[in-house]
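See below for the structure under consideration.
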Amino acid sequence: MDERNGTGGESLLIRGARILGGEPADILVHDGLVAEVGRDLEGRPGLEPVEIVEAAGLIALPGLVDLHTHLREPGREDAETVETGTRAAALGGYTAVHAMANTDPVADTAGVVEQVWRLGQESGRCDVRPVGAVTVGLQGERLAELGAMADSAARVRVFSDDGKCVSDAVLMRRALEYVKAFDGVVAQHAQEPRLTAGAQMNEGAVSGRLGLTGWPAVAEEAIISRDCLLAAHVGSRLHICHVSTAGSVEIIRWAKSKGWDVTAEVTPHHLLLTDELVEDSPVGSYNPIYKVNPPLRTRADVMALREALADGTIDCVATDHAPHPVEDKETEWAAAAMGMIGLETALAVVQEAMVETGLLDWAGVAERMSRTPARIGRLAGHGRPIEAGEPANITLYDPSVRAAVDPAGYASKSRNTPYEGLTLPGRVVATFLRGRPTVLDGKLT
Ligand SMILES: [Zn+2]
């Protein structure tokens, strides 16, 4: 389905929503598109009777777009499926997600990316754009069929070995050159493998006290430096996944100052949580719920990431939603899988870290969680303004509530959220995909 087409038929009126946090307005939706935006549209002569969604006090944002989601299908359907992951996405206010390639089999051929794309079409709750692997089997040895994936029905534009770093400089250079032919982008998981052998958590004071093998910031920063230089050398686009250190921010700021086509994302958890939680937290010490790749860093890193997201050095927020079944997380620290779920809490965490702190307004949130990720992924029909003629991909959000995080009701098949025991602001009230509600009153339709 073309993401620009409407889904037909139904009309609805979203009444009194604050678009990007502005003054209340009505949004008339018809045929999957925004038909009109204005004051008091109800009762306007000539307006057909419509279904009305009351949105007084709610913020209207363009449907959120995630550049970095692990849906786990095919291969790890015990952790997540396209169906459960897109349900979680809709509940989080997302209308499109990019599904990472580290599945089993790996999404490194046109056949596998088309399979994931079709599963997304069938789910119907959220558009799924597959990410293609850069190298065959994520093995880092030879390039995958990037052109075939780009030409497939899935129209892949983002390529990543995420979970692993493309550490071979020659392969990375060739991938950056190759994707230029179809306006693609290589999304690098920046982790120098030799510097992180056996690494368990951020290298610093806490890892020293706990006796866990450290994961140095330089392992991320060295790859980001190299890849910015490579991207500039070949004149290609580079995207950097889950930036986690203050040093990485400085390198990206420098690369952007040169005019190089480098973009970067940060996860919600790296905007809020620190490595001190590994030592002392509401759920004890050494709790693998906080084990994640890249690791949680220091308070100073968190502050640098927030500033970088606010000033545009980091372009967007991406969840790195990484579901794992209980048996892979509730085990001893060294054996536990790395990763956290995040689709259903992303907007709340961004409100807490960026809006409540005065660093971003809602227009800024829309830019970084919808418009920019859609642009980086070349995802037509998403990240568009809420204006007449645009696809009606809309999220209604109530920023005024605050509640304890309770994963019991999550749609994700996994429960590995690091926010249990915390209170977070906000609630996604409704999500519309091309005018059709996927979530109403905080529940799946
Ligand atoms: Zn990654």
Just the residues that are within 23 Å of Pro425 (Cα to Cα) and in a loop (DSSP other than H, G, I, E, B), please, taken from region 343-389.
Leu343, Glu344, Thr345, Glu356, Thr357, Gly358, Leu359, Leu360, Asp361
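For residues that are within 16 Å of the ligand (Cβ to nearest atom) and surrounded by fewer than 22 Cβ atoms within 10 Å (Cβ to Cβ), scanning just region 140-164, find the one that is farthest from the chain's Cα centre (by Cα).
Gly140
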List pairs: first residue in region 226-246 and small (Gly, Ala, Ser), second residue modelled with pLDDT of 95 or more and within 16 Å of the ligand (Cβ to nearest atom) anywhere in the structure, Cβ distance under 7 angstrom, at least six positions apart or on different chains.
Ala231/Leu238; Ser244/Glu220; Ser244/His270; Ser244/Pro294; Ser244/Arg297
Residue list for region 308-328, filter: touching a residue at least 60 places away in the same chain (Cβ under 8 Å), part of a helix (DSSP H, G or I) and open to solvent by 10 Å² or more (accessible area, probe 1.4 Å)
Val326, Asp328
Of residues in region 254-293 being basic (Lys, Arg) and farther than 22 Å from Thr319 by Cα, the one nearest to the ligand (Cβ to nearest atom):
Lys256
Just the residues that are of a type in the set (S, T, N, Q) and either under 20 Å from the mean Cα position of the chain (by Cα) or open to solvent by less than 10 Å² (accessible area, probe 1.4 Å) (or both), please, taken from region 417-435.
Thr417, Thr431
Counted residues, region 165-185 - those being in contact with a strand residue (DSSP E or B) (Cβ under 9 Å, 6 or more places away or on another chain), under 21 Å from Leu67 (Cα atoms) and open to solvent by less than 70 Å² (accessible area, probe 1.4 Å)
8
With the requirement that a residue be away from the ligand (no atom under 14 Å from the Cβ) and among the hydrophobic types (A, V, I, L, M, F, W, C), what does region 165-192 give you?
Ala169, Val170, Leu171, Met172, Ala175, Leu176, Val179, Ala181, Phe182, Val185
Name every residue in region 260-307 that is in a loop (DSSP other than H, G, I, E, B) and of a type in the set (Gly, Ala, Ser), in order of residue number.
Ser281, Gly284, Ser285
Return a yes/no flag: does region 208-225 have any residue that is among the polar types (S, T, N, Q), within 25 Å of Cys316 (Cα to Cα) and out of contact with any Lys or Arg (no Cβ under 7 Å at 6 or more places or on another chain).
yes
Look through region 104-123, keep the residues that are in contact with a Gly (Cβ under 7 Å, 6 or more places away or on another chain) and open to solvent by less than 20 Å² (accessible area, probe 1.4 Å), and return whichever of them is nearest to His189 (Cα to Cα).
Ala107
Could we say that Asp320 is among the charged types (D, E, K, R) and closer than 18 Å to Thr86 by Cβ here?
yes
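Let's see how each residue does on (1) of a type in the set (D, E, K, R); (2) open to solvent by 10 Å² or more (accessible area, probe 1.4 Å):
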{"position": "Ile376", "(1), (2)": "no, no"}
{"position": "Arg384", "(1), (2)": "yes, yes"}
{"position": "Gly389", "(1), (2)": "no, yes"}
{"position": "Tyr397", "(1), (2)": "no, no"}
{"position": "Pro437", "(1), (2)": "no, yes"}
{"position": "Gly442", "(1), (2)": "no, yes"}
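The values are calculated or read from the model by the stated rules, or taken from the named source; none is laboratory data. Remember, predicted model here, so these are calculated numbers, not experimental data. For neighbour counting, all protein chains shown are included, and Cβ atoms are generated from backbone atoms with ideal geometry for every residue, glycine included. Note: areas computed on protein heavy atoms with side chains; ligands, DNA, RNA excluded. Shrake-Rupley method; radii C 1.70, N 1.55, O 1.52, S 1.80 Å.
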